[in-house]
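Inspection log for the structure reproduced underneath, given as structure tokens.
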Amino acid sequence: MEIISNPTHDEIKKAAKALKDGHLVAFPTETVYGLGADATNERAVSRIYAVKGRPTDHPLIVHISSINKLEKWAIEIPEYAIKLAEEFWPGPMTLILKRSELAKDFITGSQENVGVRVPVHPVALELLSEFEKLGGLGIAAPSANRFGAVSPTASKDVVEEIGNYLSNTDQILDGGQSSVGIESTIFSCLSDVPMVLRPGAITLESVTNLSGVNSIIENMYSKLKSPGAYPSHYAPKAKVIVEGAPNPGDGFIALSEIPTPIGSIRLAAPETTEKYAQILYQSLRLGDQKGLENIFVLLPEGSGLALAVRDRIQKAAN
Ligand code: TXA
Ligand code: MG
């Protein structure tokens, strides 16, 4: 596989061509790195599942370049979903909608709905628009990690996770550290109001502030097939502990205002909740690199993004 750092326009064009030819391209987004394939190419999509070691009935998010392409993939789109898309795309938000005929069973896990997102990272957007210029309709992309593991927020994490499973015609585009650091907010738009299936940087509050749109938090362990909604996910090799107190030799992650307990190994001291989200996954990886057995993580308090950070930490701890 080829790793391309700070890809030029020509290199992004080549990556788009590789996707069109059925190869896999891992690419940066503002949330986490994705493992991309042509969303209309069943053979290419099946390689995503093989590389990730992911059960084949788990649906994939289709990435598109703009809201204008939404109607290719979804039908009977509720008015509130259009509002959400106009307000928060491009950005860290995925909408679950009734699927069009284009969204085949191999994308949706045989469900009648499809997840769609317009990312805001410039490399992702350029890749999408070059792909569409070649006649592409959407890029299917889960997070570029092995099933159940921590999502990658830098290209070196992608190499660590799936480098051994990619072939030499696949590519990894390096676009720096992901700025949000945790996966997109997922709203199900299948009923009268949007329901949060996975909390993220587009918060409940920001949606409620959008006039006329109220959202409700679904049971996170919903019946929809959503691996991110399994109680255990996003987990490093070390055991993640959120209750009690750290023992000497344990890794320690908490906001910077919290002093390091004696004997603990500080892995991160983010100053804000935004920073916490941004560095969470790389701090868990750091614990693994240090060969730590346990990582104690102090949950951030509050609503908004803190809710999403707690969600990921709790899943890593299960
Ligand atoms: O931020 C993100 O969303 C990243 C970047 C690469 O865009 N992608 C990502 O994909 O996190 P993935 O596959 O790792 O997680 C997407 C979650 C999964 O839990 C999947 O089951 C759920 O979204 N999902 C996708 N399509 C769905 C659908 N039609 N119905 C219900 N859940 C769906
Ligand atoms: Mg994932």
Exercise for the section: Can you tell me which residue among A85, A26 is closer than 21 Å to D174 by Cα, aliphatic (A, V, I, L, M) and buried (at least 19 other Cβ atoms within 10 Å of the Cβ)? Expected result: A26
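Per-residue answers, yes or no, for (1) modelled with pLDDT of 95 or more; (2) among the β-branched types (V, I, T); (3) out of contact with any Gly (no Cβ under 6 Å at 6 or more places or on another chain):
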| residue | (1), (2), (3) |
| --- | --- |
| P90 | yes, no, yes |
| S100 | yes, no, yes |
| T108 | yes, yes, yes |
| E112 | yes, no, yes |
| V123 | yes, yes, no |
| E130 | yes, no, yes |
| G138 | yes, no, yes |
| N145 | yes, no, yes |
| S155 | yes, no, yes |
Fill in the blank from the handout: Residue hits (segment 1-48; within 16 Å of ligand 2 (Cβ to nearest atom) and either in a strand (DSSP E or B) or without any contact (Cβ under 8 Å) to a residue 60 or more places away in the chain (or both)) are A26, F27, G34, L35, G36, A37
Practice task
Could you pull out every one of the strands (runs of 3 or more DSSP E) wholly within segment 231-286 that has 2 or more residues that are within 23 Å of the chain's Cα centre (by Cα) and closer than 16 Å to Q314 by Cβ?
Solution key: 239-241
Practice task
Name every residue in segment 181-197 that is within 16 Å of ligand 2 (Cβ to nearest atom) and surrounded by fewer than 24 Cβ atoms within 10 Å (Cβ to Cβ), in order of residue number.
Solution key: L197
Handout entry: Which numbered condition E101 fails, given (1) more than 16 Å from ligand 2 (Cβ to nearest atom); (2) in contact (Cβ under 8 Å) with a residue 24 or more places away in the chain; (3) of a type in the set (D, E)
Key = (2)
Problem - segment 1-33: number of residues that are more than 19 Å from G136 (Cα to Cα) and charged (D, E, K, R) - result: 2
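The values are calculated or read from the model by the stated rules, or taken from the named source; none is laboratory data. Only a predicted model underlies this, so the values are computations on that prediction, with no experimental measurement involved. No Cβ is skipped: glycine too gets one built from the backbone with ideal geometry, and neighbour counts run over all protein chains shown.
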